[in-house]
Amino acid sequence: MRTIVHLSDIHFGKVDRNLIRPLIEAVHEIRPDLIVVSGDLTQRALRREYHAAREFLLALPGPQIVVPGNHDIPIWNPVARFAKPLALFKHFVTDNLFPFYEDEEIAAIGINTARSSTTKYGHISRRQLSIIREMLCPVSSERIKIVVTHHPFDLPEGYHNKRQIVSKSRRAMAVLAECGADLFLAGHLHRGFIRHTAERYKIENYAALIVQAGTATSWRSSQEMNSFNIIRCHDNCVEISRMVVTADSHVFTANEPERFEHIEGTGWQRMRD
């Protein structure tokens, strides 16, 4: 079994500082095999915010896959925004924009979907897809394959702004389905939810899981409590639960897990109780 902690939208610069220590302690208690951070470590991509983000990441166990979000590109400095948009991310976090992790049970790849040309929306290029194909497709189908982005591949129910879905998502999904991707982990919307790829992307004999994380620490969230995901993978089964801050406390408590199994020729399906 492998345990993955999925954090997102930390937003140093607009964090509830009372949550930082409880979050770090909760992650250590879980003892994950891998930590995934799906973007927006900072609020305005300022040096002091990146410094705080680095200290936070260093306080967490490894290994880690961390990708940037749109807030990790400077907005108010046009020179930095277009000339070196991820210079501070590369300096304080990682200069690897295709982070990859593989062991005997799982394989995970991170993709940068943030762009200088937009303040909010994301994109996956043909070049990125070519690199992903080279890295992910050769991985054995016996491993659960995980794709990490900041911008999501789908939206929660009742949410209709399709521009929030990563641009060129259908082209990307075709490649990722070819590589046998099982889980898509993202953030951006500050909403935690789970959907099947087959609800939006009609690909024969393919149904993966889209797993969104809420914001772990930011007080910018107005729709739900701060939270993060725990994903447990074992053989052809995945269990996903949310760690949510209970009202009027700084304690993360696990919700009832949702369980899924992979069925040959069908894809990932929810397990019956």
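The values are calculated or read from the model by the stated rules, or taken from the named source; none is laboratory data. Predicted, not measured: the structure shown is a model, and the values here were computed from it. All Cβ positions, glycine included, derive from the backbone under ideal geometry; neighbour counts span all protein chains shown.
The table below gives the values:
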| read-out | value |
| --- | --- |
| Set Ala174, Ala213: member being at pLDDT 95 or above, of a type in the set (Gly, Ala, Ser) and surrounded by fewer than 24 Cβ atoms within 10 Å (Cβ to Cβ) | Ala174 |
| Restricting the stretch 23-42 to residues that are in a strand (DSSP E or B) and touching a residue at least 60 places away in the same chain (Cβ under 8 Å), the residue that is surrounded by the fewest Cβ atoms within 10 Å (Cβ to Cβ) | Leu34 |
| Hits in the stretch 92-130 (condition: charged (D, E, K, R) and out of contact with any Lys or Arg (no Cβ under 9 Å at 6 or more places or on another chain)) | Asp95, Arg115, Arg127 |
| Residues located in the stretch 97-111, provided they are under 22 Å from Leu58 (Cβ atoms) and buried (at least 23 other Cβ atoms within 10 Å of the Cβ) | Ala108, Gly110 |
| Of the criteria (1) closer than 23 Å to Ala52 by Cα; (2) surrounded by fewer than 21 Cβ atoms within 10 Å (Cβ to Cβ); (3) out of contact with any Pro (no Cβ under 6 Å at 6 or more places or on another chain), which one Ser116 fails | (3) |
| Residue, surrounded by the most Cβ atoms within 10 Å (Cβ to Cβ), within the stretch 238-251, restricted to residues that are modelled with pLDDT under 95 and on the phi < 0 side of the Ramachandran plot | Val245 |
| Residue in the stretch 156-163 that is free of Cβ contacts under 8 Å to residues at least 60 places away in the same chain and surrounded by 21 or more Cβ atoms within 10 Å (Cβ to Cβ) present | no |
| Yes/no for Glu49 being out of contact with any strand residue (DSSP E or B) (no Cβ under 8 Å at 6 or more places or on another chain) and modelled with pLDDT of 95 or more | no |
| From the options Ala53, Ala87, residue that is free of Cβ contacts under 8 Å to residues at least 12 places away in the same chain and not basic (Lys, Arg) | Ala87 |
| In the stretch 26-42, the residues that are among the polar types (S, T, N, Q) and more than 17 Å from Ser116 (Cβ to Cβ) | Ser38 |
| Meets criteria (surrounded by 24 or more Cβ atoms within 10 Å (Cβ to Cβ), of a type in the set (Gly, Ala, Ser), in contact (Cβ under 8 Å) with a residue 40 or more places away in the chain and part of a loop (DSSP other than H, G, I, E, B)) for Ala45 | yes |
| Tally, over the stretch 218-237, of residues that are at pLDDT 90 or above and more than 25 Å from Ala107 (Cβ to Cβ) | 4 |
| Test result for Ile20, farther than 30 Å from Asn236 by Cα, among the β-branched types (Val, Ile, Thr), touching a residue at least 24 places away in the same chain (Cβ under 8 Å) and touching an Asp or Glu at 6+ places or on another chain (Cβ under 9 Å) | no |
| Count of the stretch 78-96 residues which are surrounded by fewer than 21 Cβ atoms within 10 Å (Cβ to Cβ) and either of a type in the set (Phe, Trp, Tyr) or within 14 Å of the chain's Cα centre (by Cα) (or both) | 2 |
